[in-house]
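Only one structure is covered here, and it is reproduced in the block below.
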């Protein structure tokens, strides 16, 4: 929080400096001829562009603009176009204009950097809050962040004690269509009932997770895949039919996948998870 306050103060101070610097060319340019007005407009546009794209882009743009404008002014002076020269800047005035432009670009670039840093900081804070909230509200299951911690811990425990475990993933099909058809309240009720049925279908010691919005996962501790067909059948009987709040029944379908972890398996959980998602069955439970 202190870091965010510090950045806000810095952005505020640089913003004031930027506004003050903009007054200098405004004072000298806005009360002169049309060429001076155009120079001020270009200056403001470059400052806005720098605020959007950053210091490097702003410096390149301003240097190109100064080079082109300065070359034009020098050409006017060398050709002796008195009429044009009377309306144009002197080289000394243009040099001062270029210095102010570069200062404005540096100031705007600093504001751009501070804003990006603040945005990144806020995203990290949001991610930290998300990680700390380990329980999914609708199901009461652990969330994805907690799932990764628990499964990795179980993999290390399996390596130490030479036992295996089974990790099952369930993806509820047509969930977006279900929400549109029956509404948010029914969707919340659906997850509540699915969580209750899963709790009744597996052991209390097994771990349950809400992996993503329409993904559930179950960690079957000290289990092999010898009885995976029986486990699938039990889950199928429990989860395929759902009674809505209005007492109507609907049939649900799932994509499923699983892996069996054996001691010293040479794959990380992330690799196994990615493989499960690729190979997830297309048929229902």
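The values are calculated or read from the model by the stated rules, or taken from the named source; none is laboratory data. Bear in mind that the values here come from a model prediction, so they are computed numbers and not experimental data. Because the Cβ atoms are built from the backbone with ideal geometry, glycine has one as well, and the counts that use them run over all protein chains shown.
Results for (1) at pLDDT 95 or above; (2) crowded, with 16+ Cβ neighbours inside 10 Å, shown as yes or no for each residue.
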position	(1), (2)
202	no, yes
209	yes, yes
213	no, no
223	no, yes
231	no, yes
234	no, no
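Screening the range 62-165 for helices (runs of 4 or more DSSP H) wholly inside it with 1 or more residues that are closer than 30 Å to residue 43 by Cβ, modelled with pLDDT under 90 and over 22 Å from the mean Cα position of the chain (by Cα) returns the ranges 82-87, 91-132. Looking across the range 202-223, the residues that are touching a residue at least 24 places away in the same chain (Cβ under 8 Å) and more than 36 Å from the chain's Cα centre (by Cα) come down to 222, 223. Could you tell me whether residue 189 is buried (at least 16 other Cβ atoms within 10 Å of the Cβ) and either closer than 19 Å to residue 276 by Cα or in contact (Cβ under 8 Å) with a residue 24 or more places away in the chain (or both)? So residue 189 fits the description; yes. In the range 224-265, the qualifying residues are those that are part of a helix (DSSP H, G or I) and in contact (Cβ under 8 Å) with a residue 40 or more places away in the chain, and the one that is farthest from residue 182 (Cα to Cα) is 225. Tell me, please, whether a residue that is in the same structural domain as residue 7 (by TED's automatic domain parsing), at pLDDT 90 or above, closer than 24 Å to residue 7 by Cβ and surrounded by fewer than 18 Cβ atoms within 10 Å (Cβ to Cβ) can be found in the range 28-48. Yes, some residue in the range 28-48 is in the same structural domain as residue 7 (by TED's automatic domain parsing), at pLDDT 90 or above, closer than 24 Å to residue 7 by Cβ and surrounded by fewer than 18 Cβ atoms within 10 Å (Cβ to Cβ).
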